[in-house]
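Here is the structure we will look at.
The values are calculated or read from the model by the stated rules, or taken from the named source; none is laboratory data. Just so we're clear, the structure is a prediction, and the values are computed from it rather than from any experiment. Positions of Cβ are backbone-derived with ideal geometry, glycine not excepted, and every protein chain shown enters the neighbour counts. Areas reflect the complete protein model, heavy atoms only, side chains present, ligands, DNA and RNA absent. Shrake-Rupley method; radii C 1.70, N 1.55, O 1.52, S 1.80 Å.
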Amino acid sequence: MERTLSIIKPDAVNRNITGKVNAMIEETGLKIVAQKLIRLSSKQAEEFYAEHKGKTFFNNLVEFMTSAPVVVQVLQGENAVSVYRTKMGATNPEVAEEGTIRKTFALSIDKNTVHGSDSLESAKREVSFFFNELEICD
């Protein structure tokens, strides 16, 4: 069993489609074992996305991720990281496959509805950034 982090981003929360995104996640067989609605501070967003610091899009990313609440989640299941990344679809929704979250809901490459961990190592770090073990109900 693997765990991965999912973030339903401000664009999706603002459009009130978190339930629709969750339904697509659950269709994959992954189980949502932790979930909370939070508002990221600039400091939290900068720390979470620290690997992108210095890149041209960093400030816009921090501004976007702090613009409205987000839903942070822990997903659990067989091959959770790769299963969720496949279901998310390509970062650019214009090239994402039909049936993926981003093809279905993303507004643009910047407002692309969801974030998911890109590796098991990232998943462990990202899950622990938002959740302690007592908050995860598997």
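Count of the range 2-46 residues, restricted to those that are touching a strand residue (DSSP E or B) at 6+ places or on another chain (Cβ under 6 Å), open to solvent by less than 20 Å² (accessible area, probe 1.4 Å), among the small types (Gly, Ala, Ser) and under 21 Å from residue 100 (Cα atoms), is 1.
The condition (being assigned to a helix (DSSP H, G or I) and within 21 Å of residue 123 (Cα to Cα)) is satisfied by just one residue among 62, 13: 62. Residue 102 passes every criterion in (1) basic (Lys, Arg); (2) within 23 Å of residue 128 (Cβ to Cβ); (3) free of Cβ contacts under 8 Å to residues at least 60 places away in the same chain apart from (2).
Scanning the range 16-59 for residues that are charged (D, E, K, R), within 25 Å of residue 134 (Cα to Cα) and not in a helix (DSSP H, G or I) yields 31, 36, 39.
For every residue, the table says whether it meets (1) part of a helix (DSSP H, G or I); (2) acidic (Asp, Glu); (3) open to solvent by 90 Å² or more (accessible area, probe 1.4 Å); (4) in contact with a strand residue (DSSP E or B) (Cβ under 6 Å, 6 or more places away or on another chain).
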| residue | (1), (2), (3), (4) |
| --- | --- |
| 87 | yes, no, no, no |
| 91 | no, no, no, no |
| 94 | no, yes, yes, no |
| 112 | no, no, no, no |
| 115 | no, no, no, yes |
| 129 | yes, no, no, no |
| 134 | yes, no, yes, no |
| 138 | no, yes, yes, yes |
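With respect to the conditions (1) more than 15 Å from residue 10 (Cβ to Cβ); (2) open to solvent by 70 Å² or more (accessible area, probe 1.4 Å), residue 63 falls short on a single one, namely (1).
Can you say whether residue 108 is open to solvent by 50 Å² or more (accessible area, probe 1.4 Å), in contact with a Pro (Cβ under 8 Å, 6 or more places away or on another chain) and among the hydroxyl-bearing types (Ser, Thr, Tyr), as far as the supplied structure shows?
For residue 108, the condition - open to solvent by 50 Å² or more (accessible area, probe 1.4 Å), in contact with a Pro (Cβ under 8 Å, 6 or more places away or on another chain) and among the hydroxyl-bearing types (Ser, Thr, Tyr) - is not met.
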